[in-house]
Each structure stands twice: as structure tokens, then as C-alpha cells.
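Taken together, the values in this text are just the output of simple stated rules run on the coordinates, not laboratory data. Please read all numbers here as calculations on a predicted model, not as lab measurements. Cβ coordinates were reconstructed from backbone atoms using ideal geometry, including for glycine residues, and neighbour counts include every protein chain displayed.
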Amino acid sequence: MVMVLKTVSRVVRVSTTNRFQLVNITREVEAFVKESGVCNGLLVVSVPHATASVIVNENEPGLLQDIIEKVESITEPGSSKWLHNSIDDNAHAHIGSALFGHERVFPISDCRILKGIWQDIFLLEMDGPRSERKIVLAVLGE
């Protein structure tokens, strides 16, 4: 028996309003998986940007602010010494992207993303505000 895997992709666009910001994209991602018709497979959520990341965590306002403050404390200290800042003044965001990653992969089972009940999917903006950030969603499965 030959299994044919289906691939479906979509680009979601969001704008950001702050230098550092978390944008919850869970609903858009879940809707995409449902519309894809893939019920068993893998989902990739990726941002094709060198100054943003994708993270997964609880959508609790205090925690989201804690995450932003920690990201700032990790990436911004010492930024006046970073060589890249002579070009764009955003070395902190490149370093953050390198540390936190540009993608997350999720299993899909029974036509749903397998994630924890408290896990939501976020774009982590570190070089905003931006009028358009792209998030690439892709599924592979049956």
C-alpha cells in the first residue's frame, strides 16, 4: 500500500505595535490545520525573519509580561557594544531570534494540533513595531 502525503501551506500576516511584543496566533494556526484537511501528520510554524521568533507558552497576561521583560533583559544589556548596531541598531533582536528560534513543530492527530491545554502559539516580536510580519504555516500528513 502506497501512502500519499498531503502538503498544505499558508502565510499569515500580522502587524506589531511595540519593540517587544507577543502576538497570539493560536486561533489562526488551529483554523489553518482544520481547513487543511490533514488529520495525522506534522505542523510547522515558522517566521522567515531574523529578528522575530515563535514561542509556545500559557496565555496569561502576567506571564506574557514576564516573558517580554526576560527577553529584554537577556538581549538588550551590553547592546551598545554590539558591532551590528552600527548598521541597524537591532543586534538584540537578531541575538534573540538566534536564541529562541524561528520555528516550532507540532504533531497533528485526529485533525487537531497536539499541544498542552495551557499552550498557545505566539509570534515573539523583538524589533517592532512592524507593519507586516509573516508567519509560514505548513502541514504534511494524511
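Structure notes:
- With neighbours defined as other Cβ atoms within 10 Å of a residue's Cβ, the residues LEU42, LEU64, LEU137, LEU124 order from fewest to most as LEU42, LEU64, LEU137, LEU124.
- TRP82/ASN24 FRET efficiency (R0 41 Å; Cβ-Cβ; nearest 0.05): 0.85
- Which of MET126, THR17, CYS39, positive extreme of dipole for the chain (C-beta unit charges): CYS39
- Helical content of the chain, expressed as a calculated mean residue ellipticity at 222 nm, amounts to -8000 deg cm²/dmol (DSSP H runs of 4 or more residues, -39,500 (n - 2.57) each, divided by residue number, nearest 500).
- Placing +1 on each Lys and Arg Cβ and -1 on each Asp and Glu Cβ, with no other charges, gives region 6-141 a dipole about its Cα centre of roughly 480 debye.
- Of GLU76, GLU35, GLU125, the one that fluctuates the most in a GNM where the chain has Cα springs shorter than 10 Å: GLU35
- Karplus-derived 3J(HN,Hα), 6.51/-1.76/1.60, for each residue of region 90-103, Hz, glycine and proline x: 9, 4, 4, 6, 5, 5, x, 4, 5, 6, 9, x, 9, 8
- Karplus-derived 3J(HN,Hα), 6.51/-1.76/1.60, for each residue of region 50-59, Hz, glycine and proline x: 8, 10, 9, 9, 10, 10, 10, 6, 6, 8
- Between the residues ILE68, ILE113, LEU83, the greatest Cα displacement towards the positive end of the dipole of the chain, with unit charges on the Cβ of Lys, Arg, Asp and Glu, is found for ILE113.
- Region 110-124 versus region 6-38: alpha-carbon centroid distance in Å: 11 Å
- Residue among ALA50, ALA31, ALA93 with the largest mean-square fluctuation in a Gaussian network model of the chain, springs linking Cα atoms under 10 Å: ALA31
- Here the 3J(HN,Hα) profile of region 131-140, calculated from phi with Karplus coefficients 6.51, -1.76 and 1.60 at θ = phi - 60°, is 6, 8, 10, 9, 10, 8, 10, 9, 10, 9 Hz, Gly and Pro shown as x.
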